[in-house]
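Step one of this worksheet: look at the structure below.
The values are calculated or read from the model by the stated rules, or taken from the named source; none is laboratory data. Fair warning: this is a prediction, and the values are worked out from it, not measured in the lab. Counting neighbours? That spans all protein chains shown, and the Cβs are built from the backbone with ideal geometry, glycine included. The protein model used for the area step is the full one, side chains on, heavy atoms only, and it has no ligands, DNA or RNA in it. Shrake-Rupley method; radii C 1.70, N 1.55, O 1.52, S 1.80 Å.
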Amino acid sequence: MLKEFQKLVDENPWIAHIELSNWGEIFLNPEIYDIMECAYRKSVALTASNGANLNTVKEKVLEGLVKFKLRHITCSIDGASQETYSIYRVGGNFERVIENIKIINHYKEKYQSLFPLLRWQFVAFGHNDHEIETARKLAESLNMKFWLKLNVYEEFSPVKNEELVRKESGLGVASRSEYYEKYGSGYLQDIICRQLWLKPQINWDGRILGCCYNYWGDFGNAF
């Protein structure tokens, strides 16, 4: 993967920004540290804004996030306790994730760096909406932005406290179907559909997916 990454940025020197995350967990890539170092030396900004779960990360990589100035990470944390978090993030360890965020903050302080900027993404469900306020406060204590995201699987654990979710989402809606009824378009549709032209998604194996939602087809191979 490192070899292909180097080839991509070498042959396309106009590339200024690469979003690393999409389907899967970027920190499972054994060459992620070297990829970040390569991008840093090539002056290519990296982000992981689509999401990472931060369950399996070596401390060297956590330091590398700061050392090589990865710009932004969305941390997928759908709960404020192990019991709640593990219902959707099956097999995940809530305390480990929080500890990894603290380690990132430690290195941000050590290197006197603003990066990576951290965002807590909380997908709202019926089994976790009682912990939204707790999660928001915890995110604030960890110097993270907080984003309440509407659940794409509405039949799975639909939200119970709809009024709270309407308020916390900042959209006045508690579900994606309610969003469509109110706004006449799909939730996040405008952002996702523009990716094909503004920031096309490339799969780990080089397949050009176009947008972050697509996984079933491609437009060729960037490698």
(request) Report yes if some residue within the range 183-193 is over 27 Å from residue 19 (Cβ atoms) and either out of contact with any Cys (no Cβ under 8 Å at 6 or more places or on another chain) or among the hydroxyl-bearing types (Ser, Thr, Tyr) (or both); otherwise report no. (result) yes
(message) Within the range 60-92, take every residue that is acidic (Asp, Glu) and either surrounded by fewer than 20 Cβ atoms within 10 Å (Cβ to Cβ) or at pLDDT below 95 (or both) and give me the one that is farthest from residue 134 (Cα to Cα).
(response) 63
(message) Taking the conditions exactly as written (modelled with pLDDT of 85 or more and more than 26 Å from residue 70 (Cα to Cα)), does residue 123 satisfy them or not?
(response) no
(request) Answer yes or no: is there a residue in the range 148-171 that is part of a strand (DSSP E or B), touching a strand residue (DSSP E or B) at 6+ places or on another chain (Cβ under 9 Å) and either open to solvent by less than 40 Å² (accessible area, probe 1.4 Å) or in contact (Cβ under 8 Å) with a residue 60 or more places away in the chain (or both). (result) yes
(message) Quick check on the range 54-69. Is at least one of its residues in a strand (DSSP E or B), under 19 Å from the mean Cα position of the chain (by Cα) and closer than 23 Å to residue 149 by Cα?
(response) no
(message) Given (1) touching a residue at least 24 places away in the same chain (Cβ under 8 Å); (2) closer than 17 Å to residue 17 by Cβ, identify the lone condition not met by residue 114.
(response) (1)
(request) Please enumerate the residues belonging to the range 95-113 that are assigned to a helix (DSSP H, G or I) and more than 16 Å from the chain's Cα centre (by Cα). (result) 95, 96, 99, 102, 103, 105, 106, 107, 108, 109, 110
(request) Output yes when any residue across the range 115-126 is surrounded by fewer than 18 Cβ atoms within 10 Å (Cβ to Cβ) and in contact with a helix residue (DSSP H, G or I) (Cβ under 8 Å, 6 or more places away or on another chain), and no when none is. (result) no
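Test residue 51 against the criterion of being in a loop (DSSP other than H, G, I, E, B), closer than 19 Å to residue 212 by Cα and modelled with pLDDT under 95, and give yes or no.
So residue 51 fails the test.
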